[in-house]
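Worksheet: one structure, shown below.
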Amino acid sequence: MTLDDLLTKLEKGRIEHAEAMRWLGIDSYTSLVAIVHANGRQMPGHRPMPITPETQALLLQVTRPLPPVSESS
């Protein structure tokens, strides 16, 4: 099973939290929630996790294409 398969099953309620945690090798529910949200998914019954302005700014810096390099002599 891939991580995507696991998250899909968890999101749709086809597997329980304990099974997902065993597969991921974690023992913390908080870690499970963080993994699910970090992969753009949502735990069953949870609200979407808000993204802070600082995180949005960092994502823009990381994903924004670099400006062309000008050749100067």
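The values are calculated or read from the model by the stated rules, or taken from the named source; none is laboratory data. The shown structure was predicted, so the numbers you read here are calculated from the model rather than taken from an experiment. Heads up, the Cβs are rebuilt from the backbone with ideal geometry, glycines too, and the neighbour counts pull from every protein chain shown. Ligands, DNA and RNA are excluded from the accessible area calculation, which covers all protein heavy atoms including side chains. Shrake-Rupley method; radii C 1.70, N 1.55, O 1.52, S 1.80 Å.
Report yes if some residue within the stretch 58-70 is modelled with pLDDT of 80 or more, open to solvent by less than 100 Å² (accessible area, probe 1.4 Å) and polar (S, T, N, Q); otherwise report no.
No, there is no match, as no residue in the stretch 58-70 is modelled with pLDDT of 80 or more, open to solvent by less than 100 Å² (accessible area, probe 1.4 Å) and polar (S, T, N, Q).
For residues that are in a loop (DSSP other than H, G, I, E, B), in contact with a helix residue (DSSP H, G or I) (Cβ under 9 Å, 6 or more places away or on another chain) and not polar (S, T, N, Q), tally how many sit in the stretch 8-33.
Number satisfying all stated conditions: 5.
Going by what's in this entry, would residue 40 be described as over 28 Å from residue 59 (Cα atoms), open to solvent by 40 Å² or more (accessible area, probe 1.4 Å), modelled with pLDDT under 90 and out of contact with any helix residue (DSSP H, G or I) (no Cβ under 7 Å at 6 or more places or on another chain)?
no
May I ask you to verify whether residue 51 is among the hydrophobic types (A, V, I, L, M, F, W, C), under 15 Å from the mean Cα position of the chain (by Cα) and not in a helix (DSSP H, G or I)?
yes
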